[in-house]
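Next up is a structure, given as structure tokens.
The values are calculated or read from the model by the stated rules, or taken from the named source; none is laboratory data. These numbers come from a predicted model, not from an experiment. All Cβ positions, even for glycine, are placed from backbone atoms using ideal geometry, and neighbour counts span all protein chains on display. What goes into the accessible areas is simple: the full protein's heavy atoms, side chains included, and nothing from ligands, DNA or RNA. Shrake-Rupley method; radii C 1.70, N 1.55, O 1.52, S 1.80 Å.
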Amino acid sequence: MTARIGVVTFPGSLDDRDTQRAIRVAGAEPVALWHKDKDLKQVDAVVLCGGFSYGDYLRAGAIARFSPVMEPLLEQAKAGLPVLGICNGFQILTEAHLLPGTMLRNDHLHFICRDQKLRVENAETAWTTDYTAGQEIHIPLKNNDGQYVADAYTLDKLDAEGRVAFRYVDFNPNGSQRDIAGVSNEAGNVVGLMPHPEHAVEPLIGTGRTDGLPFFTSILKKLVNA
């Protein structure tokens, strides 16, 4: 049976189609979810894609966090549903308190778009098992509010518990504390990151590499072997 992975579209989402394609390339079935949906259509996992939901008014992700689709998502994520938040999706997950910390405007106050080197810190989450810890990968990055911040206690706890999933390497593009590019929840089923793995699944697009594809093959293998 083919794994079904939902992709939520909010007003202002940019990368829902790219994310659906990445899921398809990995061998799973993408399922389109609309922000007003009050159920998740029995999907096996969910991706909150990148973009500028609701125009980033108030704060990036602050309004999307209250969309109807978030109610079942919050409930099911706490019960173990795998959820990946990419860029704006990461911002939404922090606003919804599924992930710790918050996102601020880039420290240089400019939008940035570049190929970014990352180091995989945790290869044991639901979305990272096809990587190896310490592996360096290149993933496209594009954001305006990508500076990850948290209080010292939270940062120390993330480090101690191995919940920093990715760190920026060689260059910190947005001032994120401790070079954090992505984090996970305690159970490892919820992961958020600012770079865009869906733009790095085929050699003809993005970085010209397929370094983002293991996000989607990782979750597929988890679901198939569950």
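Put +1 on the Cβ of each Lys and Arg and -1 on the Cβ of each Asp and Glu in the chain; which of LEU58, MET70, ILE112 then has its Cα farthest toward the positive end of the dipole?
The listed residue farthest towards the positive side: MET70.
Now, a different point. Using a 1.4 Å probe on the protein chains only, how many percent of the accessible area of the stretch 1-104 belongs to carbon and sulfur?
Of all accessible area on the stretch 1-104, carbon and sulfur atoms account for 51 percent.
Just how large is the dipole of the chain about the Cα centre, in debye to the nearest 20, putting +1 at every Lys and Arg Cβ and -1 at every Asp and Glu Cβ?
320 debye
Would you please classify the overall shape of the stretch 96-192 from the alpha carbon gyration tensor, given that a ≥ b ≥ c denote the square roots of the eigenvalues, rounded means a/c under 1.5, and beyond that prolate means a/b larger than b/c while oblate covers the rest?
Oblate shape, in that a/c is at least 1.5 and b/c is the bigger or equal ratio.
What is the local net charge at ASP159, summed over the other residues whose Cβ is closer than 15 Å to its Cβ (Lys, Arg +1; Asp, Glu -1)?
Taking every Cβ under 15 Å from that of ASP159, the sum is -1.
With the Cα gyration tensor of the stretch 1-87 giving a ≥ b ≥ c as the square roots of its eigenvalues, does the rule (a/c under 1.5 for rounded; else a/b larger than b/c for prolate; else oblate) give rounded, prolate or oblate?
Oblate.
Next question, about the same structure. Report the relative contact order of the stretch 181-226, percent, no decimals, based on alpha-carbon pairs under 8 angstrom and at least 6 residues apart.
22 percent
Based on the Cα coordinates of the stretch 4-225, what is the per residue volume of their convex hull in Å³?
Convex hull of Cα atoms, per residue: 105 Å³.
Normalised by the residues of the chain, what does the relative contact order come to in percent, with Cα pairs under 8 Å and at least six apart?
20 percent
Sorted by accessible area with a 1.4 angstrom probe, largest first, how do ARG209, ARG59, ARG4 fall?
So, going from the largest accessible area down, we get ARG59, ARG209, ARG4.
Classify the stretch 126-178 from the C-alpha gyration tensor, please: rounded if a/c falls under 1.5, else prolate or oblate depending on whether a/b exceeds b/c.
Oblate is the answer for the stretch 126-178, as a/c is 1.5 or above yet b/c matches or exceeds a/b.
May I have the count of lysine pairs in the stretch 4-225 with C-alpha atoms under 27 Å apart, counting pairs 8 or more residues apart or located on different chains?
15
Here is a follow-up. In what sequence, largest accessible area first, do THR217, THR125 appear using a 1.4 Å probe?
THR217, THR125
While we're on this one: Per DSSP H run of n ≥ 4, the term is -39500 (n - 2.57); total these for the chain, divide by its residue number, and report the mean residue ellipticity at 222 nm rounded to 500 deg cm²/dmol.
-6500 deg cm²/dmol
Using a 10 Å cut-off on Cβ atoms, rank the peptides 158-170, 39-51 from the highest mean neighbour count down.
39-51, 158-170
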